[in-house]
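What follows is a single structure, written as structure tokens, with notes after it.
The values are calculated or read from the model by the stated rules, or taken from the named source; none is laboratory data. Computed from a predicted model, the values in this text were never measured in an experiment. Positions of Cβ are generated from backbone atoms using ideal geometry, with glycine treated the same way; all protein chains shown enter the neighbour counts. Just the protein is used for accessible areas: all its heavy atoms, side chains included, with ligands, DNA and RNA removed. Shrake-Rupley method; radii C 1.70, N 1.55, O 1.52, S 1.80 Å.
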Amino acid sequence: MLSIIKSFGLTGITGYSVRAEIDINQGLPGYDIVGLVGTAIKESKERVRSAIKNSGLRYPTNKITINLAPADTKKEGPIYDLAIAVGILSASNQVKIDKSKDYVFLGELSLDGTVRKINGVLPILIAAKQQGYTNIIIPYDNRNEASYLKGINVYAVKSLKETIDFLNNEIKLEPVPFIDYNDTVNQYDSPYNFKNVKGQNNAKRALEIAAAGGHNLLMIGPPGSGKTLLAKCFPSILPKLTFEEALEVTKIHSVAGVLDSSVGIVCSRPFRSPHHTATTVALTGGGRNAKPGEISLAHNGVLFLDELPEYSRQSIETLRQPLEDGVINVARLDNTVEYPANFTLIASMNPCPCGNFGNKEKPCKCTPQQIHKYLAKLSGPLMDRIDMHIEVDNVKFGDLNSDTLEESSEDVKARVDKARQIQLDRYKNSKNYSNSKMNDVQLKKYCKLDKDSEETLRLAFDSFGLSARAYSRILKVARTIADLDGKENIELDHLMEAISYRTLDKKYWNN
């Protein structure tokens with residue numbers, strides 16, 4: 001007898017429909033599975049057989065043939081175990097499935113029949129909903145991922161036996177209840193707060209601008225000047241994730257297997273800080289199944305690269321595409337996928353190997369050749385893609401010992417939220433969320449300059465040898481500064497401040 005069960009697979013963070021066709025015929029006992037399947041699916045034979053037997057059900061002793069269609073698409077992982085088991089039981093007349101419900105089955109089976117948690121449930125549920133499926137059975141431990149979606153009935157099961165009893169109407173299961181995202185979103189919970197950072201007002205101002213407009217920032221300064229502390233405080237002033245942004249982030253984290261299943265959704269902007277020994281694959285994503293890397297896990301959040309020149313040149317250069325396009329294409333032998341990678345890059349570095357180049361208090365011990373080699377690890381095209389470059393000097397003893405209360409992250413965040421709301425209103429009819437992602441048409445429309453500002457920008461362009469990309473990024477930063485100031489148009493002082501964040505190119509790299 002033939003049974004057809006619906007399931008879903010994943011390519012990157014996009015779900016696609018899979019039909020599990022199970023045929024049981026007379027013949028010598030056997031189990032064949034076809035459809036361009038990976039090792040984990042081939043091994044499902046033992047998991048499914050043991051799960052059926054240990055659930056008190058009968059495993060057929062006939063010839064079993066399973067086809068996972070479409071047969072020309074590579075399928076990986078244990079996600080199809082539950083669908084295959086239900087199909088075998090349906091083909092052997094041990095379960096009656098209501099065809100009008102058109103169920104979709106997802107889940108890995110343990111040998112005792114327990115349905116185990118799987119990765120990538122949220123993108124599959126979204127794809128299933130888009131394709132018209134409204135009744136989906138998933139593992140119980142994945143239930144929280146499903147609770148934020150409307151318009152579908154998701155049933156969370158703990159075991160194969162429970163699934164079969166539900167399908168046979170012997171027990172009743174209620175769909176996973178809906179949870180409103182706005183009721184669960186939390187503030188970024190961190191001990192790092194700008195009120196605990198003494199001095200460094202220029203750096204705090206630059207970080208505020210970066211947060212308000214989604215701009216990339218490079219901090220250059222000697223060891224111990226507070227660059228890492230400032231970066232760790234940065235998430236505390238970022239605006240909340242919108243529901244659409246949260247879904248995008250959650251899909252990536254779900255596929256990567258790093259999602260907190262007790263919550264089911266990412267409520268705060270990611271902050272990823274890979275060590276400088278991280279490989280290129282760890283940053284970009286890859287491996288046999290082309291899993292997302294650190295730059296995708298930082299989507300809609302922050303990627304912090306401490307001691308930027310210490311990363312391998314190859315790893316650093318891989319940032320060029322996502323910094324420009326907001327996506328990363330991962331091509332591997334078995335798969336080629338595109339992952340979102342729209343992150344804010346916060347990077348820090350010393351000005352030289354010893355860290356004291358340009359320091360007025362401590363002499364630099366490096367030779368000119370060592371300094372040049374150190375700085376040359378960062379290419380011009382990469383530096384061009386970083387909107388703002390600032391110097392972070394050592395904090396004076398008077399600042400550290402001062403009783404003056406510093407401005408808190410909450411106060412800074414209030415200004416950031418106000419500026420971001422201006423941008424959300426400005427770009428409401430596009431896919432933009434921030435000034436940093438303006439296209440050329442929007443740049444001309446929203447970054448108009450008066451004559452004095454145009455002349456100032458022309459002089460800066462010629463004096464600093466700026467590129468066309470640097471020109472547009474200066475305008476975007478100036479637009480953000482104007483938004484923070486509550487101004488409709490970019491004024492000369494906004495432009496001058498934006499230009500000041502591009503002067504270190506000439507100081508460190510052009511000489």
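Based on DSSP, what percent of beta bridges with both residues in the stretch 281-434 are antiparallel, to the nearest 5? If I count the DSSP bridges inside the stretch 281-434, around 65 percent turn out antiparallel. Label the stretch 286-409 by shape, choosing from rounded, prolate and oblate, from the square roots a ≥ b ≥ c of the eigenvalues of the Cα gyration tensor; if a/c is under 1.5 it is rounded, and otherwise prolate applies when a/b is larger than b/c, oblate when it is not. Cα axes put the stretch 286-409 in the oblate bin. In terms of distances greater than 29 angstrom between alpha carbons, the cross-link table entries Lys129/Lys291; Lys413/Lys437; Lys360/Lys487 yield Lys360/Lys487. Entry note, the stretch 1-139: relative contact order of 32 percent, from Cα contacts under 8 Å with a spacing of 6+ residues. Couplings for the stretch 195-210, taken from phi via the Karplus curve 6.51 cos²θ - 1.76 cosθ + 1.60 with θ = phi - 60°, read 5, 9, 9, 7, x, 6, 5, 5, 5, 4, 4, 5, 5, 5, 5, 4 Hz in order; Gly and Pro are left as x.
A simple spin-label model places pseudo-atoms 7 Å from Cα toward Cβ; at Thr279 and Ser408 they are separated by 4.5 nm.
Against the longest principal axis of the chain, how steep is helix 409-426, in degrees 0 to 90 to the nearest 10, with axes from Cα atoms? Between helix and principal axis, roughly 70 degrees. For the chain, the Cα-based Rg and Dmax, in that order, read 27.5, 88 Å. What number, in percent, do you get for the relative contact order of the stretch 133-251 if the mean sequence gap of Cα pairs under 8 Å and at least 6 apart is divided by its residue count? Answer for the stretch 133-251 is 19 percent. Just check the stretch 176-329 against the gyration tensor rule for me: Cα atoms, a ≥ b ≥ c as the square roots of the eigenvalues, rounded for a/c under 1.5, and otherwise prolate or oblate depending on whether a/b exceeds b/c. Note, shape of the stretch 176-329 comes out oblate.
Most tightly packed first, judged by the mean number of other beta-carbon atoms within 10 Å of their residues, the peptides 294-304, 427-437 read 294-304, 427-437.
Secondary-structure-derived ellipticity at 222 nm for the chain, considering helices only, amounts to -10000 deg cm²/dmol, per-run term -39500 (n - 2.57) for DSSP H runs with n ≥ 4.
Could you state the number of Å between the C-alpha centres of the stretch 448-485 and the stretch 94-125? After rounding, the separation between the Cα centres reads 56 Å. Between the Cα long axis of helix 451-464 and the first principal axis of the chain there is an angle of about 90°, rounded to the nearest 10.
How much length is gained if the chain between Leu459 and Val258 is pulled fully straight, taking 0.36 nm per residue apart and subtracting their Cα-Cα distance, in nm to one decimal?
67.5 nm
Would you mind checking the tilt of helix 468-484 against the longest principal axis of the Cα atoms of the chain, expressed as 0 to 90 degrees and rounded to 10? So the inclination is approximately 90 degrees.
Ignoring ligands, DNA and RNA, what percent of the accessible area of the chain is carbon or sulfur (1.4 Å)? List each step's numbers first, then the result.
Details: 11290 of 23190 Å².
Using a 1.4 Å probe with all protein chains present, the chain comes out at 49 percent carbon and sulfur.
Close amide-amide hydrogen proximity is noted between Leu109 and Asp81, Leu82, Arg116, each under 5 Å apart and 5 or more residues distant or on a separate chain (H modeled in the peptide plane; Pro and chain starts excluded).
Each peptide in 473-483, 130-140 gets a packing score, the mean of other Cβ atoms within 10 Å over its residues, and the list from highest to lowest is 473-483, 130-140. Taking amide H as placed 1.01 Å from N in the peptide plane, Ser159 has its amide H under 5 Å from the amide H of Val115, each at least 5 places away in sequence or on another chain. Mean separation of Cα pairs under 8 Å and 6 or more residues apart, divided by the residue count, gives the stretch 229-321 a relative contact order of 28 percent. Here the Karplus curve 6.51 cos²θ - 1.76 cosθ + 1.60, taken at θ = phi - 60°, turns the phi angles of the stretch 97-114 into couplings of 9, 5, 5, 5, 7, 6, 5, 10, 10, 9, x, 9, 9, 8, 5, 8, x, 5 Hz, with x standing for Gly and Pro. What you get for the chain, charging only the Cβ of Lys and Arg (+1) and of Asp and Glu (-1), is a dipole of about 900 debye around the Cα centre.
Quick check on the chain: of the DSSP beta bridges with both residues there, what percent are antiparallel, nearest 5%?
Roughly 50 percent of the DSSP beta bridges within the chain come out antiparallel.
Computed from phi, the 3J(HN,Hα) profile of the stretch 26-34 under the Karplus parametrisation 6.51, -1.76, 1.60 (θ = phi - 60°) reads 5, x, 5, x, x, 8, 10, 10, 10 Hz, with x in place of Gly and Pro. The amide H of Thr11, built 1.01 Å from its N in the peptide plane, has Tyr16 as neighbours under 5 Å, considering only residues 5 or more places off or on other chains. Put the Cα centre of the stretch 228-252 next to the Cα centre of the stretch 358-431 and the gap is 18 Å. In terms of its C-alpha gyration tensor, the stretch 366-455 comes out oblate, because a/c is 1.5 or above while a/b does not outweigh b/c.
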